[in-house]
1. Dipole of region 20-126 (Lys/Arg Cβ +1, Asp/Glu Cβ -1, origin at the Cα centre): which of 70, 55, 122 lies farthest to the positive side?
2. Return one whole number: the accessible area per residue of the chain in Å², for a 1.4 Å probe.
3. Which value, in Å² and to the nearest 10, is the accessible area of residue 117 when all protein chains are kept and the probe is 1.4 Å?
4. Arrange the residues 99, 18 by how much accessible surface each exposes, largest first, with a 1.4 angstrom probe.
5. Just reorder 48, 89 by solvent-accessible area, largest first, 1.4 Å probe, all chains present.
6. Rounded to the nearest 500 deg cm²/dmol, what is the calculated helix-only ellipticity per residue at 222 nm for the chain, with -39500 (n - 2.57) per DSSP H run of length n ≥ 4?
7. Provide 129, 64 ordered by accessible surface of protein heavy atoms (probe 1.4 Å), highest first.
8. With a 1.4 Å probe and every protein chain kept in, tell me what percent of the accessible surface of the chain is carbon plus sulfur.
Amino acid sequence: MVAAADAQNYAQKLGITHGLVVQELGWDEDTDDDLRADVEDASGSEMVDEDSDEVVDAVLLWWRDGDGDLADELMEVISPLADDGFIWVLTPKTGQPGHVDPSEIAEAAPTAGLTQTSAISLGAWIGSRLVQPKAPSKQR
């Protein structure tokens, strides 16, 4: 029962609320189906994939060592992202196959024009939250 209770907290931990359009990228057979189902339940709709042309509020990017250049991928991911949207880079925990060193995310985010705001544990995965910096207010 504990796993089911944890799964119900995934969307809450990720800040996914009803009505958000969530894009999922990097799905593979190792992704966490409980997390995916909880995000869809919380948002009230299925996640859209990379072929969608919708503006999205949140992106779940499943990322593993060997998937390529993270900074390049993040620059692609930003295109459909709403101004106040956020990206979760989901990577396998330390010791798991495909583990990504946190420094790789810390280095890739600013290159893509993003800021890392938090990191959370999600079962066998770690989530790193990235946002676009707020535009400075124009006071003249």
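The values are calculated or read from the model by the stated rules, or taken from the named source; none is laboratory data. None of the values given here were measured: they were computed from a predicted structure. Neighbour counts run over all protein chains shown; Cβ positions are idealised from the backbone, glycine included. The area values use the complete protein model at the heavy-atom level, side chains included, leaving out ligands, DNA and RNA. Shrake-Rupley method; radii C 1.70, N 1.55, O 1.52, S 1.80 Å.
1. 122
2. 57
3. Its heavy atoms expose roughly 70 Å² to the probe.
4. Details: 99 55, 18 145 Å².
These residues rank, largest area first, as 18, 99.
5. On the way: 48 25, 89 0 Å².
The ordering from most to least exposed comes out as 48, 89.
6. Calculated mean residue ellipticity at 222 nm is -9000 deg cm²/dmol.
7. Per-residue accessible area, sorted high to low, gives 129, 64.
8. On the way: 3750 of 7920 Å².
About 47 percent, which is the carbon plus sulfur part of the accessible surface.
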